[in-house]
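Read the structure below first, then the notes.
Each reported figure results from applying straightforward, stated rules to the coordinates on display, with no laboratory input. All values reported here derive from a predicted model rather than from experimental measurement. Here the Cβ positions follow ideal geometry from the backbone for every residue, glycine too, while neighbour counts run over all protein chains shown.
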Amino acid sequence: MSSTDYQHAREALGARLRELRIEAGLNGKTLAARSTSTWRGYETGVIPGLFQTPDYARHVFLNGSNRHRSPKDTEEAALRVLLCPSETMAGQLDRLSGLIGRDTVELGIIPLGAPMATTPKHGFWIYDERRVTVETISVELRLDSAGDVGLYQRVWDKLSEAAAYGPHAHRLIARARAALPSS
């Protein structure tokens with residue numbers, strides 16, 4: 001067998017393993033979640049997957065699958081992007097509202113027009129300050145060097161400074177819900 005044959009076999013095996021992971025519902029976030037006690041996630045245009053209702057997640061999946069053949073998993077804008085029918089979005093906003101104030105969840109929403117020290121162009125998740133997962137349109141990156149994790153932690157800190165929490169976050173969600181078009 002030539003080195004080219006080995007390379008093709010290795011690529012085919014890698015592709016099949018990725019298919020099996022997708023079929024099993026396993027991605028970098030799912031695998032990392034099994035051993036993580038603290039998650040920090042930022043998403044730009046959709047509700048973070050961890051907080052999605054099943055109907056909303058289905059619409060995100062369908063929307064993403066039209067662009068890329070695999071599912072890809074906040075700012076206030078994410079509360080207003082209608083990837084789904086209004087009644088589905090209303091249920092999603094109600095879910096978010098119910099998460100605020102829980103002991104195990106700290107949900108921050110960056111208001112439209114808030115001054116921001118940084119503006120990431122993609123979502124990311126930090127796992128126990130040890131690992132970062134970044135999703136782009138075409139690939140999911142797993143970063144674990146101290147420099148990369150530190151960089152994303154500093155970005156997270158800046159985003160947290162701009163975010164609204166508690167009653168202010170509730171008001172942002174209520175305004176987004178009130179602005180939903182009637183179906």
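Simple rule: put +1 on each Lys or Arg Cβ and -1 on each Asp or Glu Cβ in segment 114-183, find the dipole, and look at A169, Y127, A179; the Cα lying farthest toward the positive end is A179. Does segment 36-178 come out rounded, prolate or oblate by the C-alpha gyration tensor, with a ≥ b ≥ c the root eigenvalues, rounded set by a/c under 1.5 and, if not, prolate when a/b is larger than b/c and oblate if not? Cα axes put segment 36-178 in the oblate bin.
In debye, nearest 20: dipole of segment 83-183 around its Cα centre with unit charges on the Cβ of K, R (+) and D, E (-)? Working shown, then result.
Numbers: 11 positive and 12 negative charges, 61 e Å.
Result for segment 83-183 is approximately 300 debye, rounded to the nearest 20.
A simple charge model with +1 on the Cβ of Lys and Arg, -1 on the Cβ of Asp and Glu and nothing else charged puts the dipole of segment 109-168 at about 120 debye relative to its Cα centre.
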